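Chemist: Dropping a structure here in structure tokens format, bear with me for questions.
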């Protein structure tokens, strides 16, 4: 197994600086731009800019992870395994954040007066199941000592895990009554259910959080590769 | 401070949209807000957004700490392996 080191130079620093500025602008616009007023959600509708991109970031992480799992199965290079593992790890971070932010949003918006933090909304429950499936990937990894075997078995499991995601997160919840949009048909890029001004912030927010995922993920990969190099030069 | 209104009200309201709806699998509560709710419902629930942004911030910071700890470990290993550098004297 060989390790090819990616180069993180000037371009990387410029891109990460752009991400930092971009996210600052997203947060400012998210709070400052006036939005149409709806009952119940009121100003909490702005959570669309922060809660929803968590899932875009998580899904990006799972796709990156699956991509490198597949590459590892084709050719067992260390870097593919490292990338698959770290992308899955950061995907879990965003998934957990998505779950917690969703809980808080619902608790103080639709469930005022009930004290309900967990309401068994289909999408909420299945997102939790998806996180458990993803969590098992790490349990599986930690249970195998031999690196090559660990990489291969984890990669196969990971490909299975990523296939369950669209069903658990997008298909099944839309077949049931849910607090989440989508039951009436596909909400993706719908022309009617999102005010134009909110698109101006929402799409950049999605791009920004996916970019933030990439930043954290590449940082973790660099760290892991540096650790491995030290381990190899005992 | 306004309490949540009934689903009929929300979907019948002028300008009501898809997000202006409730999950029919649950009941709309009409109890007065207590505890944390009295804070979170202020400013038309803007504090809910603040809470969500803070949670995300804490999540990123949590990861920063973890990465930091691993980096510190890495530095310790490097220090133990490599000979002392003398540039500290000149710096």
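No value in this document is a laboratory result; all are computed from the given coordinates. These numbers come from a predicted model, not from an experiment. A quick note on method: Cβ atoms are made from the backbone with ideal geometry, for glycine too, and the neighbour counts reach across all protein chains shown.
Chemist: Separation between the residue A:153 and residue B:62 pseudo-spin-labels, each 7 Å from Cα along Cα→Cβ, expressed in nm?
Modeler: 2.8
Chemist: How big is the C-alpha Rg of chain A next to the rule-of-thumb value 2.2 N^0.38 Å, as a ratio?
Modeler: 1.12
Chemist: Test of understanding: in a Gaussian network model of chain A with alpha carbons linked when under 10 Å, which of A:143, A:60, A:69 would top the mean-square fluctuation ranking?
Modeler: Top of the fluctuation ranking is A:143.
Chemist: Using R₀ = 45 Å, calculate the FRET efficiency as 1/(1 + (r/R₀)^6) where r is the Cβ-Cβ separation of residue A:7 and residue A:114; round to 0.05.
Modeler: 0.25
Chemist: Any idea what angle helix A:10-32 forms with the longest principal axis of chain A, computed on alpha-carbon atoms, 0 to 90 degrees, nearest 10?
Modeler: Relative to chain A, helix A:10-32 is tipped by roughly 20 degrees.
Chemist: Also, quick follow-up: By how many degrees, between 0 and 90 and to the nearest 10, does the Cα long axis of helix A:78-107 differ from the longest principal axis of chain A?
Modeler: Taking the Cα atoms of chain A, the angle to A:78-107 is about 20 degrees.
Chemist: Between residue A:34 and residue A:227, with labels modelled 7 Å along Cα→Cβ, what's the label distance in nm to one decimal, could you check?
Modeler: Each label point is offset 7 Å from its Cα along the Cβ direction, giving 5.1 nm.
Chemist: Here's a follow-up. Counting partner chain Cβ atoms within 10 Å of every residue's Cβ in A:112-120, what's the average?
Modeler: 5
Chemist: Pairs of Cα atoms under 8 Å, at least six residues apart: use those to get the relative contact order of the stretch A:94-201, whole percent.
Modeler: This gives 25 percent for the stretch A:94-201.
Chemist: Rounding to the nearest 10 and keeping the result within 0 to 90°, find how far the Cα-based axis of helix A:122-142 lies from the longest principal axis of chain A.
Modeler: Roughly 10 degrees, rounded to the nearest 10.
Chemist: Using r as the Cβ-Cβ distance of residue A:25 and residue A:163, and R0 as 30 Å, what FRET efficiency do you calculate, to the nearest 0.05? All intermediate terms of the calculation are to be shown ahead of the outcome.
Modeler: Working: r = 36 Å, r/R0 = 1.19.
The calculated FRET efficiency here is 0.25.
Chemist: Let me ask you something else. Using a Debye calculation, one point per C-alpha and no hydration shell, please list log10 I(q)/I(0) for the stretch A:1-116 at q = 0.10, 0.21 Å⁻¹ in order.
Modeler: After summing over all Cα pairs, the log10 values are -0.48, -1.19.
Chemist: Using helices alone, what [θ] at 222 nm do you get for chain A, with -39,500 (n - 2.57) per DSSP H run of 4 or more residues, divided over all residues and rounded to the nearest 500? Working shown, then result.
Modeler: Values: 6 runs with 155 residues, N = 234.
Computed mean residue ellipticity for chain A: -23500 deg cm²/dmol.
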